[in-house]
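The values are calculated or read from the model by the stated rules, or taken from the named source; none is laboratory data. Bear in mind the structure is a predicted one, so any value in this text is a computation, not a measurement. Cβ atoms come from the backbone with ideal geometry, glycine included; neighbour counts cover every protein chain shown. Only protein heavy atoms, including side chains, enter the accessible area calculation; ligands, DNA and RNA are left aside. Shrake-Rupley method; radii C 1.70, N 1.55, O 1.52, S 1.80 Å.
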Amino acid sequence: EYAEHLRGAEVVIVADRDDSGREHAAQVAATLEGLARSVRIVEAAAGKDAADHLGEGLGLEDFVSVQRSDDPSPDTWEPL
C-alpha cells in the first residue's frame with residue numbers, strides 16, 4: 001500500500017536474516033518493480049535484524065547485500 005510513495009526512489013530494504021525475513025523482503029521488492037528507481041536488499045552482518053546489527057556497533061556500510069536471482073549486478077549502494 002506504500003509503494004506509490006516510493007516512486008522514483010532508490011530503495012534499500014533491510015531483510016531480517018532468516019527465511020521469513022528474506023521472503024518478506026523479496027515480496028516488498030516485487031511490489032516496487034517499475035516504481036522505484038532501484039531496489040537493493042541487504043541484511044545484517046551480525047544478529048537477526050537491523051537493530052542487532054546496529055547494536056553491535058556496525059554501520060550502514062556494513063550491511064551485507066543479498067543477491068537476488070533476477071539481479072546479477074553487484075552491490076553498488078552507498079549510505080548517504
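I'm trying to understand the selection: among the residues of the range 1-45, which are in contact with a helix residue (DSSP H, G or I) (Cβ under 7 Å, 6 or more places away or on another chain), part of a helix (DSSP H, G or I) and open to solvent by 60 Å² or more (accessible area, probe 1.4 Å)? Quick ask: steps written out before the conclusion?
Let us first name the residues in the range 1-45 that are in contact with a helix residue (DSSP H, G or I) (Cβ under 7 Å, 6 or more places away or on another chain), namely 3, 6, 11, 13-15, 31-32, 35-36, 39, 41, 44-45.
Remaining after also requiring part of a helix (DSSP H, G or I): 3, 6, 31-32.
Of everything in the range 1-45, those that are in contact with a helix residue (DSSP H, G or I) (Cβ under 7 Å, 6 or more places away or on another chain), part of a helix (DSSP H, G or I) and open to solvent by 60 Å² or more (accessible area, probe 1.4 Å) turn out to be Leu6, Thr31.
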Looking only at the range 22-80, which residues are among the acidic types (Asp, Glu) and either modelled with pLDDT under 85 or under 19 Å from His5 (Cβ atoms) (or both)? Glu33, Asp70, Asp71, Asp75, Glu78
Selected residue (criterion: least open to solvent (accessible area, probe 1.4 Å)) from residues of the range 46-62 that are of a type outside the set (A, V, I, L, M, F, W, C) and assigned to a helix (DSSP H, G or I): His53
